Structure formats: C-alpha cells, structure tokens
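Student: The structure's right below; bear with me while I get my questions together.
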Amino acid sequence: MTTNPICMGIDAGGSTLRIASGQRGAQLRVSRVAVPSNVTTLGPEPFSHAIADQIAAHVVDGRVPDSIAIGVAGLDPDTRDEVQLRLVRALSERRLKVTLSVHTDAEVAFAVAGAKQSGTVLIAGTGALASRIEEGREVGSVDGNGSALGDFGGGYWIGLEAARGALRDWELVGYRSQLMSSLISTFDIDPDRLRWSTIERFRSLSVSEIASFAQAVLVSAASNDGRSLDVVHRAADYLVESALAVSRGGEVSRRKLVLAGSLLTHENALSRRVRSLLASHFRAVMPAPEPVLGALEIAWSETR
C-alpha cells in the first residue's frame, strides 16, 4: 500500500473524455479532451489504444499513477475483463505498467457518493440509463439501449420528440411556436420552406446534434411553452419509471439515489420534476455533476 498515492480517474463518455488525477486532499489536475470514447461505437481495440494514448499524455514528470479507474460509456458489464485486458496490453506497448480497473459509467457516477456503496443511479445526458449498484458494482439496469431502441427521457429523445411536435403543430394549425422558432435558429432551417427544410436538415444531423436541442426545449419549457412542457413531463415520467423499476419498486430505493448527466445535474424543469417525483422513494437524492471524481474515488479506494 502506498502512503499517499497519486491516482487517476477517467470518465470516457460518448464524445468527450474527462481525466482527474492527484493525491487525496491535494489540488487535482482535471482536463477534458474532445475524444469519442464509447467502447461500443469504437470497438474494444481502437478504444483501448485511444485511452492508452490519453493516459500516456497525462502522465506528469514520468510519475505513473499508482492506480487508475476508468468509467466507460457503452460498456457491457460482461465484457469488462476483456476491455481491461486490452487496456493493460495497450499501456504495456507504451511502456506503462499500471494498476487499473474498468467500470461502467453508472458505477463511476454512483461512486461520487462513495466507493463500494449501494443504491441507484439515474443518468440523463445524450441517452438515459437507470442502474442498481451493489457495493460499487452494477447489478441491474433499465434502458441505456441507444437512440434506436430506447434512451427514453434522454437528450436525443427530448430533442427528437420536441422537433416532431413543433413541426406537427405547425402543419396542423399553422402555429409557429417558441419551440419552432428555436428549432429554426438552432439548425439553420429556412422558414420559407419550413417543412422540407426541416426534413432535409434532420436527415443529416447526428445523435449528439439532435440531443443538443434538449437544452432549447428546457428553455422553452421554462417559458411555459405547451409542447415543450409536454415533452419534458413525459421525459421525466420515463426516467422516474426506469429508476423505480431498477430499484425493485422500493426494496432498494430507500438507499441513495445519485443523479448524473447534464440534464439532471443542472436546475431545469426536467431535473426539478424528476427530483420531486422520486424524493419520497429514496433516503437521499444527490447530484453527480462530475462522474470523473467518482472514478478517482474508486482509484483511491483501490490503493488502501
């Protein structure tokens, strides 16, 4: 056991990588890198080399961290050993011998509340996922099934549902709502060719681009735009449904609930409704705005 270990936590998200390193109680080095790092999207081998390159780039003065914990978006828990083995091999090729562990993004988000604890984590960013955590390990989940099959209540779902609703409102009654005005300005849609310009534009948008529209929907909801409020309320209901289902309808839910992802860790109509609907079901509800700190907490705990 190292007396005062230097550790590194990594939150490998779908479009960005966050890295935090340092000693407990000391000033931390935290950085964000625009590197796609979803293991399902990249594949295990390219993912491992991309992460190994970033670890090598963040080693300071040749001091290799005593422990590294990595939270991986899109990780199937059953494949964590394979991903960890590939990472160790990729680091070895770069002459870096480190102790590391691989975790799901839900595990590192929940670890903000403390490593190796139990409860529920609800994540809503681009996608959406609810997971049950037992002693730091994910043992059950609802959703997180991707934009084609699920992610109900996540940013992509909100963005797409709002765009569909705004366009339908305009087609049915010729009403250009605040939401439609936001759609036009966000995606540079031609208002003189509203229907076809919207169709053409959405054919070329990525999942993350559509998900980014969720922020405009939340702004419109704050102004009591009817369509926006409807979408936000339905999104909240989906998220709450997932959280309660994964927590076994209350058996586990008297423990902690951790909220993670950009849509739930900031004050807005969605986060308020989710907290309100879940408050009576959980002993404590806390946000985790920086899951990378959960990864770092895990790394520290593994040096004890």
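Where a number appears in this text, it was derived from the coordinates with a stated rule and is not lab data. A quick note: this is a predicted structure, and the numbers were derived from the prediction, not measured. A quick note on method: Cβ atoms are made from the backbone with ideal geometry, for glycine too, and the neighbour counts reach across all protein chains shown.
Student: Within segment 81-97, can you find the residues that are within 24 Å of the chain's Cα centre (by Cα), under 27 Å from R63 (Cβ atoms) and touching a residue at least 24 places away in the same chain (Cβ under 8 Å)?
Tutor: Passing the criteria: V83, R86, L87.
Student: State all residues of segment 23-74 that are among the small types (G, A, S) and either in contact (Cβ under 8 Å) with a residue 60 or more places away in the chain or in contact with an Asp or Glu (Cβ under 6 Å, 6 or more places away or on another chain) (or both); if no residue qualifies, say none.
Tutor: Within segment 23-74, S67, A69, G71, A73, G74 qualify.
Student: Of all residues being over 23 Å from A128 (Cα atoms) and surrounded by 18 or more Cβ atoms within 10 Å (Cβ to Cβ) in segment 195-221, which is farthest from the chain's Cα centre (by Cα)? Just the residue, please.
Tutor: That would be T198.
Student: Across segment 146-183, which residue is surrounded by the most Cβ atoms within 10 Å (Cβ to Cβ) among those that are among the polar types (S, T, N, Q) and closer than 23 Å to L264 by Cβ?
Tutor: S182
Student: Where in segment 192-304 are the helices (runs of 4 or more DSSP H), entirely inside, with at least 2 residues that are free of Cβ contacts under 8 Å to residues at least 60 places away in the same chain, more than 19 Å from T120 (Cα to Cα) and not β-branched (V, I, T)?
Tutor: So the answer is 194-203, 207-212, 214-222, 226-246.
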